1. Which one of Arg300, Arg293, Arg281 is charged (D, E, K, R), surrounded by fewer than 16 Cβ atoms within 10 Å (Cβ to Cβ) and touching a residue at least 24 places away in the same chain (Cβ under 8 Å)?
2. Return the total of residues in region 284-313 being of a type in the set (Ser, Thr, Tyr) and in the same structural domain as His95 (by TED's automatic domain parsing).
3. Residues to consider are Arg237, Arg247; find the one that is over 15 Å from the mean Cα position of the chain (by Cα) and part of a strand (DSSP E or B).
4. Can you tell which of Gly85, Gly53 is closer than 15 Å to Val274 by Cα, assigned to a loop (DSSP other than H, G, I, E, B) and small (Gly, Ala, Ser)?
5. Pairs needed: first member in region 172-191, within 21 Å of Thr216 (Cβ to Cβ); second member anywhere, among the hydroxyl-bearing types (Ser, Thr, Tyr) and at pLDDT 75 or above; C-beta distance under 8 Å; at least 6 residues apart or different chains.
6. Could you grab the pairs with beta carbons closer than 8 Å, sequence gap of 6+ or different chains, first residue in region 63-82 and crowded, with 24+ Cβ neighbours inside 10 Å and part of a loop (DSSP other than H, G, I, E, B), second one at pLDDT 95 or above and aromatic (Phe, Trp, Tyr)?
7. Which residue out of Glu19, Glu52 is assigned by TED's automatic domain parsing to the domain that holds Tyr301, modelled with pLDDT under 95 and of a type outside the set (S, T, N, Q)?
8. Condition check: in the same structural domain as Leu143 (by TED's automatic domain parsing) and of a type in the set (D, E, K, R). Does Arg281 satisfy that?
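The values are calculated or read from the model by the stated rules, or taken from the named source; none is laboratory data. If you're wondering where the values come from, they're calculated on a predicted model, not measured in any experiment. Glycine also receives a Cβ, built like all others from the backbone with ideal geometry; neighbour counts cover every protein chain displayed.
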Amino acid sequence: MKALRFDRFGDLSVLRIQELPTPQIGNDEVAVRIHAASINPSDVKNIQGHMEGTTLPKTPGRDFAGVVVSGPPELTKKEIFGTGGDVGFTRDGSHAEFIVVPAQGVALKPKRLSMEEAASIGVNYLAAYIGLVQRAGVRSGELVLVTGASGGVGTAVIQLARWKGASVIAVDRRTLLPEKLLEQGIELQIDVNSQDYEAMISQVREFTSGKGANITFDCVGGPLFDPCIRSLGQLGRQVNIVSVGTRRVAFDLTDFYHLQLTLYGVDTRAYDTVASAEILRQLTPGFESGALRPAPVVSRYPLDRAVDAYREVDPGAKGKVVLVPTGNM
């Protein structure tokens, strides 16, 4: 089979397409013929040596969709999708023609989604679900503030919050068109392009009649960490998944304990394919109903041009870039 490989960390020139033996399954495993596999920013960072715990040589790639070609009878020939913090790091990933994962590490693909769409769900919705549902415990009627709202995880958080009956404030440096706001069900948009974070906090306070948000899901971190904390009301919860610009932040500890706030960190790398598949199963009804939608696919590349695809993702793509093995183009 063909697979994208790297045997050392560095720039994208370390990537190579190689011919490898088709992997064989062990006990309680499945072999999946990849029909589509998206590229995440963390896949690029993995090549560059910015992700911990990667063993070399390795095939990168976390998110995938395809058909089970060998494994338990109840899964064989089924269309599935998957992701995991182990694939592409400690086990070979999805940027290949085949992948072998635990049988419990795949979920049945939502019928209304194409392979490319299903392959674009994984990491973004995993982070959103873990943070918003499992950690912060979002409830119907609550107000969720999302930073980096136009990004992959931010968009997933918005849709997931609306699916769970919550209201949404979107914070971003890009102006979203009014029809886009209406489509996503956003109650208030705050533009922080001017970096006037005091104005952001004031807008939240005014919108909530001084009560503050129930949950802040911070997809940016760094300079937005403290403004998010200060936008919370009593018993508020904040979720952080990344920190842009600086790793160290500061906040008012007295306000933190007086308001009885809770801070959650989320790392999708801690969820292997089995744990991730369980979350994908929880999300599937939302995709089947149309309440949840995958990020738009902006580019598709054959596996032979995987390096070009990585180069598109590296500076920041405005949607999902997907690899499609030649036989499935």
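1. Arg281
2. Total satisfying the criteria: 3.
3. Working: Arg247 fails: part of a strand (DSSP E or B).
Only one candidate passes the filter, namely Arg237.
4. Gly85
5. Hits for this filter: Asp172/Thr147; Asp172/Ser150; Arg174/Ser150; Leu176/Ser150; Gln184/Thr155; Glu187/Ser167.
6. Note: pairs meeting the criteria are Asp63/Phe81.
7. Details: Glu19 fails: modelled with pLDDT under 95.
Matching residue, one of Glu19, Glu52: Glu52.
8. The answer is no for Arg281.
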